1. Would you mind finding the one in Ser19, Ser87 that is over 18 Å from the mean Cα position of the chain (by Cα) and either surrounded by 13 or more Cβ atoms within 10 Å (Cβ to Cβ) or of a type in the set (A, V, I, L, M, F, W, C) (or both)?
2. Inside segment 104-120, can you point out the residues that are in contact with an Asp or Glu (Cβ under 9 Å, 6 or more places away or on another chain) and among the charged types (D, E, K, R)?
3. Looking at segment 28-52, I want the residues that are closer than 21 Å to Asp9 by Cα and in contact (Cβ under 8 Å) with a residue 40 or more places away in the chain and have a partner that is among the polar types (S, T, N, Q) and surrounded by 13 or more Cβ atoms within 10 Å (Cβ to Cβ) with Cβ atoms under 9 Å, at least 6 apart or on another chain. Which pairs are those?
4. Go through segment 95-122 and give me each residue that's more than 19 Å from Phe170 (Cα to Cα) and either touching a strand residue (DSSP E or B) at 6+ places or on another chain (Cβ under 8 Å) or free of Cβ contacts under 8 Å to residues at least 60 places away in the same chain (or both).
5. Among the residues of segment 104-162, write down those that are near the ligand (Cβ under 7 Å from one of its atoms), in a loop (DSSP other than H, G, I, E, B) and surrounded by 13 or more Cβ atoms within 10 Å (Cβ to Cβ).
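We did not get these values from a lab; they are worked out from the coordinates using the rules stated. Since this is a predicted model, take the numbers as computed values, not measurements. Because the Cβ atoms are built from the backbone with ideal geometry, glycine has one as well, and the counts that use them run over all protein chains shown.
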Amino acid sequence: MIRTLRWEDMNDIVSNYYSFYDELKVDPDFGIIFYPTKPDYESEIAWFAGLYRDMLLGDVVAVVAEEDGRVVGLCDVHRTRPKSELSHVGVLGITIRRGYRDRGIGTAMIEKALELSRDKFEIVRLDVFTVNSRAIALYRKLGFVEYGIFPASVKRGSRYYDQMMMYYKF
Ligand SMILES: CC(C)(COP(=O)(O)OP(=O)(O)OC[C@H]1O[C@@H](n2cnc3c(N)ncnc32)[C@H](O)[C@@H]1OP(=O)(O)O)[C@@H](O)C(=O)NCCC(=O)NCCS
């Protein structure tokens, strides 16, 4: 089921985020941005509370996927600088827990997030690791257009990753 974020989703979302740190150990190219050490639970609660507050304020669209009685995916579109000259641009992020990928959940979540973003933003942008071919294929399929490559924009240990920058215009 695809639906908007609820306050009670916090534990599942933090647990999913922590699982990505475990996944990084087996997939060093995992395509989200990490901190050098896993943030503690208090920091995660503060992050979630901020996300939820910004959704209530109208500066975030947050969509989740619920499967097997738990939240397995989150897609958010956030305004980086509310009430500024960047207010018309939303930045999209998406993560799905391992075991639930490649079943169309990402497609459904982004479609819903774009539907809800239509009234809030004129443009949605994102950055994606150039090695993340699945994510790039998905974004292209849904109408995102590449506008450049940011070389070595991510430094993970001694390794650098390039990011593709893409946008979607309503
Ligand atoms: C990227 C992610 C959000 C995509 O969600 P998903 O539910 O797995 O994606 P979907 O099943 O809806 O669609 C994936 C599409 O990519 C295609 N695909 C899968 N692997 C691919 C690959 N290696 N190269 C090209 N296309 C690929 C699938 O065939 C599918 O296309 P289709 O619908 O035309 O058949 C999800 O896999 C994920 O959370 N990955 C880990 C975190 C991440 O990378 N987040 C993105 C950060 S920018």
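1. Selected residue: Ser87, the only one of Ser19, Ser87 that is over 18 Å from the mean Cα position of the chain (by Cα) and either surrounded by 13 or more Cβ atoms within 10 Å (Cβ to Cβ) or of a type in the set (A, V, I, L, M, F, W, C) (or both).
2. Answer for segment 104-120, where residues must be in contact with an Asp or Glu (Cβ under 9 Å, 6 or more places away or on another chain) and among the charged types (D, E, K, R): just Lys120.
3. Filtered contacts from segment 28-52: Ile32/Thr95.
4. Thr95, Ile96, Arg97, Gly99, Tyr100, Arg101, Asp102, Arg103, Gly104, Ile105, Gly106
5. Asn132
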